[in-house]
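Input: a single structure, listed below in C-alpha cells.
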Amino acid sequence: MASDRPYFICTEVVARATDFMESALPLTDSLRVRLHLAHCADCRRFVRQLELTVETCAGLGTPPATAEPSAALRAHFRALTQRRPKT
Amino acid sequence: MSPAAAMTSAPELDDATLVARVLAGDEPSFEALVRRHHGRLVRVARVLLPRHALAEELVQECWMSALERLEKFEGRSSVSTWLIAIVSNRAKSLAQRERCRSAWTELDSALAGSEPVVPLERFTANGRSWVSGPNRWAKEMPDAVLRQAQARAALEQALESLPEAQRAVVTLRDVDGLSADEVCEAMALSAANQRVLLHRGRAKLRALLEGYADGI
C-alpha cells in the first residue's frame, strides 16, 4: 500500500501506527506520518490511544512464577560441575 | 575479598559474568541466573503452551539443557535471547507432539489478509479523513481501567479472545515487557510479521477500551 504522494492520508497513518511507534518505518515514511500528525487531531488521538492501550496492558501484569531452582535442577548443576574439568 | 567470598554475591552481576561463574561451579551465581530469567521464560512457554504446569515443567527441563550447553554459549546473542530460543524450540516441539492449538498452528492464517484495523466506515470514502474520529481518552485511562473490575475483566477477556498468534505477541510484548527481538526469537517471526500481529492485536484492544472511555 505504498503511496507515491508526498503525504499520507488518515487510513495510511492508521495502518502504520505501530510501525511508527516502534520506529520501524523508513525515514521518508516516518516523516510523512509526522507531517500528517502535525495537522490531524484524530490521527494524533488514535496513536495516543494505542500508546495508552499498551500502558494499560502493561498494568495487567502476570502472576510471578516460582523462581527458585528445583531440587532436581540443583542436583543436575552439582553433577555437571563435578564432571567439568577444573580450570 | 577472598575468591570464595567474591563468588557469593551474585544478584547484581551482569549475565555474562554470572555465566562465567556458573561454568566455574558457583552455585549462588546459578541461582541468581535462574531467579533473573525463570519467570520470563515460563511466561514465554505459557503463551506457547496450553497449561501453566506444562510450561513450568518444560522450563525446568530447558534449564538442565542450558546448563549442559553453557560451555558452547558464545555470547553472539544476549543470555536472555539464548534462553528464550531454547524454551521456544522445545515448546514448539512439545506443542506439535501433543497437537496443541498454539500460536504457530495459526500463524499463517493470522498473517494472511489485510483487513483494516479500524473499519473503513469510520473514514470518508477516499480515506483522507475520519468521519467518526476516536473519542477523547483521559491520560488516567490506564489506571482507571485497571481499577474498574468490569473494565479490567473485559480487557483480559479481549486479550484472551485474540487469535492465538496476536495474543501471544501482545502478551509477550505489552503485558510481559519482552523486547521485539526476544518475541521474534521466541516465535520464529520476522520483525515485520511481529509488528503486523502486534498492530492488529493492539488495535482490537484499543477498540474495546474506546467503549469504556466515556465512563472515565
Exercise. Determine the shielding of peptide B:38-44 by partner chains: average, over its residues, the number of Cβ atoms on other chains within 10 angstrom of each Cβ.
Key: 4
Quiz item: When the Kirkwood radius is taken over all Cα pairs of region B:125-180, what Stokes-Einstein diffusion coefficient follows at 37 °C and 0.692 mPa s, in µm²/s?
Solution: 238
Quiz item: Binning every alpha carbon pair distance of the protein assembly as shown at 10 Å from zero, what are the percents per bin?
Solution: 6, 24, 28, 21, 14, 6, 2, 0
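Place the peptides B:168-177, B:43-52, B:119-128 in order of packing, highest mean first, counting for every residue the other Cβ atoms within 10 Å and averaging per peptide.
The peptides rank, most packed first, as B:168-177, B:43-52, B:119-128.
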Practice problem: Read phi for every residue in region B:171-185 and hand back ³J(HN,Hα) as whole Hz from Karplus 6.51 cos²θ - 1.76 cosθ + 1.60, θ = phi - 60°, with x for Gly and Pro. | Solution: 5, 5, 6, 8, 8, 8, x, 6, 6, 4, 4, 5, 5, 4, 5
Exercise. Sort by residue number and name the cysteines in chain A that have no neighbouring cysteine Cβ under 4.7 Å.
Key: A:Cys10, A:Cys57
Exercise. Report the full-extension gain for the segment B:Lys72 to B:Arg147: residue separation times 0.36 nm, less the Cα-Cα distance, to one decimal in nm.
Key: 22.3 nm
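Only the coordinates and a few stated rules stand behind these numbers; no lab work does. Note that this is a predicted model, so its numbers are computed, not measured. Note that we place each Cβ from the backbone using ideal geometry, even for glycine, and neighbour counts take in every protein chain shown.
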